[in-house]
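Have a look at the structure below before the remarks.
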Amino acid sequence: MDSKSNAALRTAEPLAEAGTTSGLKRQDSEQPTSPTRNAAQTSEAPRRLQTGWLKTMGPRYLVRIAALIVAVLLWELASTRGFNFYINFDNIPAPSVVGSALITELTGQEFYLHILHSLERVAIAYLLAVIIGVLLGVAMGRSRWAEDIILPYIELLRPIPAVAWIPLAILMLPTEQSSIIFITFLGALFPVILNTVHGVEQTNGVLVRAARSLGASRTAILWHVVLPGAMPSIVAGLAIGMGVAWFSLLAGEIISGQYGIGYYTWNSYTLIQYPQIIIGMLTIGGLGTLCTLLVRKGCNPLLKWQAKGGRS
Amino acid sequence: MNEALANDNRLAVLDHSRLQAKSGTPGAERGRISVRDVDIVFDTASGPHTAVENASLTVRPGEFICLLGPSGCGKSTLMNTIAGFVTPSSGEVRVDGVAVTEPGPDRGMVFQQHSLFPWKTVKENVAFGPLMSGVGSQEANSVARTFLSLVGLAAFENAYPNTLSGGMQQRVGIARALANYPSVLLMDEPFGALDAQTRIMMQENLLDIWREFRNTVVFVTHDIDEAVFLSDRIVVMSASPGKIIADIDVDLPRPREQSLLTSPEFMALKRQCLDLIRKETLNAFKQQNRAG
Ligand SMILES: Nc1ncnc2c1ncn2[C@@H]1O[C@H](COP(=O)(O)OP(=O)(O)OP(=O)(O)O)[C@@H](O)[C@H]1O
Ligand SMILES: [Mg+2]
């Protein structure tokens with residue numbers, strides 16, 4: 001190319017400047033020696049994002065925390081004053097009472113055993129749901145046959161609440177543990193399947209054609225095009241599934257005569273231990289939120305290609 | 001001068017045994033396309049729709065042709081039959097004597113836009129073809145680097161496509177298609193979404209690369225300037241139903257550069273194209289009116 005067109009190159013885009021042999025050398029070196037534009041993309045953008053996050057989200061989180069504190073204070077007032085106007089706070093323990101009960105629980109061992117048992121059940125049930133759910137979802141998204149065979153079951157079973165499964169689960173499965181895991185599994189399964197199907201059906205036809213013209217087999221297309229494309233939807237399904245798993249667990253653990261945070265809550269109710277009921281409820285809520293957050297964070301690497309860049 | 005030297009260097013990294021121009025013996029040429037009596041009829045809700053009618057076309061190995069025509073005339077459809085995505089309702093398409101039945105790595109595709117795998121880095125996108133052909137990932141990566149430096153994007157190998165400009169994305173798309181050393185390169189309005197400046201840059205860039213590759217190129221466009229600037233031959237299509245209405249030789253010297261765009265030869269050829277297209281389009285209109 002002559003110098004004239006080279007000048008045009010520079011004005012159009014910072015493009016062909018790397019097209020010389022120096023471009024070849026550059027690729028061997030690490031980030032710091034890369035040209036500025038590249039560096040700007042990889043390191044500067046996230047930093048700007050972070051300081052920006054503190055500035056914009058910091059105050060908002062203060063508001064959120066303040067909102068929770070206000071609620072706790074109102075609750076404390078309502079309980080200690082015996083608020084009773086349609087909603088009755090007479091028998092509701094105040095946050096301070098719940099707090100001191102919680103400290104007692106935290107110093108003992110029982111409470112942790114309950115949590116451990118629940119965590120174990122959720123882990124097993126969730127893992128099964130993810131494996132089976134993604135497999136079925138992909139099959140349904142890819143094959144009309146699979147969809148026609150499986151979809152009626154899903155439509156029929158999905159609206160049935162977890163509690164309604166208790167009798168059948170007890171009758172069908174050999175142990176209490178397996179019944180609880182089954183109920184938890186069912187809860188997590190449907191969101192995972194449906195989101196996977198949705199993601200797979202959204203597959204971008206142009207990308208499939210590109211892959212085929214590059215010599216990709218059907219399996220390769222599934223692996224390199226369909227699954228990554230469905231991943232945002234699958235991850236959403238995994239997060240929802242985790243939430244549903246926790247509240248299905250509570251239903252399942254009503255069966256259990258021994259351990260589990262759901263059992264703990266239910267048992268406290270039958271024993272009329274009001275502070276413990278509230279501790280159980282909040283623990284379930286907290287653990288559910290925490291696990292959902294972990295799922296989202298854990299899946300982030302799968303979606304890192306989405307994160308940066310404003311262009312689409 | 002320096003620039004030219006650097007150019008030669010960067011092309012030296014290509015696998016020359018796989019390049020068209022260097023394969024030597026005339027019998028070993030690859031990339032001959034023959035389209036014979038092709039009709040393409042789509043079944044639509046409102047009945048059968050003829051997208052392409054009675055198209056016949058031969059492209060010689062190493063020839064650069066443009067398919068030119070108004071929107072909706074069936075350029076993409078015709079190209080997709082060569083690619084193997086669309087099966088003709090009648091007639092046949094052969095590439096190097098073999099009937100086309102499905103897409104394959106011997107026919108590289110470049111799409112208008114947004115065809116890179118967004119979850120793969122630039123390098124992974126380009127390495128995809130070689131990887132699918134069965135070479136190891138190390139080999140595929142080194143091929144990818146070669147082709148990225150060829151299109152001037154070696155420094156962006158670890159970037160994700162959505163962080164690149166449209167022009168850069170298209171260059172990655174070209175690198176990706178070429179990484180399989182295809183005998184035919186099919187390009188469907190690859191620069192259609194770019195601004196005028198970038199577009200001219202990309203055209204020059206493409207010709208640079210093609211000069212070394214010498215594979216057959218079928219380039220779809222509705223821009224007359226682009227068609228004249230790039231091609232050896234312009235195949236003009238008319239709309240509904242899509243028909244090949246003219247076949248214009250472009251006898252402009254190569255290598256072609258931006259300065260050509262304002263030269264009298266270019267202008268003359270462009271006028272010739274315009275006249276021909278207008279005449280053919282008018283004819284087609286008259287025929288349609290008579291028939292309707
Ligand atoms: N899969 C399909 N099913 C039905 N009709 C189709 C299909 N693909 C294309 N067509 C029709 O065939 C005709 C030609 O379409 P095609 O996309 O080939 O045009 P084109 O020349 O590439 O236009 P553009 O310049 O807008 O890309 C159009 O009328 C279009 O509606
Ligand atoms: Mg088109």
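Some points to look at:
- Nonlocal amide H pairs with B:Val236, under 5 Å, H built at 1.01 Å: B:Leu68, B:Ile245, B:Ala246, B:Asp247, B:Ile248
- For segment B:186-201, Karplus couplings with θ = phi - 60° (6.51, -1.76, 1.60), whole Hz, Gly/Pro x: 9, 10, 9, 6, x, 10, x, 9, 9, 6, 4, 4, 4, 4, 5, 4
- Cβ-defined net charge surrounding B:Phe219, 12 Å radius [Lys, Arg +1; Asp, Glu -1]: -4
- Local electrostatic count, A:Leu113, Cβ distance below 12 Å [Lys/Arg +1, Asp/Glu -1]: -3
- Across segment A:276-283, coupling constants 3J(HN,Hα) worked out from phi with the 6.51/-1.76/1.60 Karplus curve, θ = phi - 60°, read 5, 4, 5, 4, x, 4, 5, 5 Hz, and Gly and Pro carry x.
- Derived scalar couplings ³J(HN,Hα) [segment B:159-168; Karplus, 6.51 cos²θ - 1.76 cosθ + 1.60; whole Hz; x for Gly, Pro]: 7, 8, x, 6, 9, 9, 6, x, x, 5
- Buried on complex formation within segment B:120-146 (loss of at least 40 square angstrom of accessible surface versus the isolated chain, 1.4 Å probe, ligands and nucleic acids ignored): B:Phe128, B:Met132, B:Arg145.
- Spatial separation of Cα centroids for segment A:127-158 and segment A:246-312, in angstrom: 25 Å
- Per residue of peptide B:189-202, the mean number of Cβ atoms on other chains within 10 Å of the residue Cβ is 2.
- Residue with peak Gaussian network fluctuation, chain B [Cα springs, cutoff 10 Å], from B:Asp232, B:Asp251, B:Asp43: B:Asp43
- Computed label-point distance, nm, for sites B:Val98 and B:Thr50 using a 7 Å Cα→Cβ extension: 3.3 nm
- The accessible surface of chain B, taken with every protein chain in place and a 1.4 Å probe, is 49 percent carbon and sulfur.
- Summed buried accessible surface, chains B and A, 1.4 Å probe, nearest 100 Å²: 4600 Å²
- Within segment B:3-291, percent of DSSP bridges classed antiparallel, to nearest 5: 55 percent
- Overall, the protein assembly as shown carries a charge dipole of about 660 debye about its Cα centre when +1 sits on the Cβ of Lys and Arg and -1 on the Cβ of Asp and Glu, all other atoms neutral.
- Inter-site label distance for A:Glu201 and A:Lys304 at 7 Å from Cα along Cβ, in nm: 3.2 nm
- Within the listed set B:Gly31, B:Gly72, B:Gly134, the residue fluctuating most in the Gaussian network model of chain B (springs between alpha-carbon atoms under 10 angstrom) is B:Gly134.
- Averaged over the residues of B:99-108, the number of partner chain Cβ atoms lying within 10 Å of the residue Cβ comes to 3.
- Rounded to the nearest 20 debye, the dipole size of segment A:98-305 about its Cα centre is 920 debye, using +1 on the Cβ of Lys and Arg and -1 on the Cβ of Asp and Glu.
- Its DSSP H runs of at least 4 residues, each contributing -39,500 (n - 2.57), put the calculated 222 nm mean residue ellipticity of chain B at -12000 deg cm²/dmol, to the nearest 500.
- 1.4 Å probe accessible area per residue over the protein assembly as shown, in Å²: 50 Å²
- Among the residues of segment B:150-173, those with an accessible-area drop of 30 Å² or more from chain alone to full protein complex, heavy atoms and 1.4 Å probe, are B:Gly152, B:Ala154, B:Ala155, B:Phe156, B:Tyr160, B:Asn162, B:Thr163, B:Ser165, B:Met168, B:Arg171.
- Long pairs among B:Lys243/B:Lys279; B:Lys243/B:Lys270; B:Lys243/B:Lys286; A:Lys297/B:Lys123, criterion Cα-Cα beyond 18 Å: B:Lys243/B:Lys270; A:Lys297/B:Lys123
- Taking label points 7 Å from Cα along the Cα-to-Cβ direction, B:Asp37 and B:Leu261 give a separation of 4.4 nm.
- Comparing each chain alone with all protein chains together (probe 1.4 Å, DNA, RNA and ligands left out), the residues of segment A:196-212 losing at least 30 Å² of accessible area are A:Val206, A:Leu207, A:Arg209, A:Ala210, A:Arg212.
- Estimated at the nearest 10 Å², the accessible area of B:His222 is 110 Å² with a 1.4 Å probe.
- By average C-beta atoms within 10 angstrom, highest first, the peptides B:195-202, B:139-146: B:139-146, B:195-202
- Computed over the alpha-carbon pairs of chain B, the distance histogram in 10 Å steps reads 6, 27, 35, 23, 7, 1, 0 percent, short to long.
The values are calculated or read from the model by the stated rules, or taken from the named source; none is laboratory data. Treat the numbers as computed from the prediction; the structure is a model and nothing was measured. Cβ coordinates were reconstructed from backbone atoms using ideal geometry, including for glycine residues, and neighbour counts include every protein chain displayed. Please note that ligands, DNA and RNA were not included when accessible areas were found on the heavy atoms of the full protein model with its side chains. Shrake-Rupley method; radii C 1.70, N 1.55, O 1.52, S 1.80 Å.
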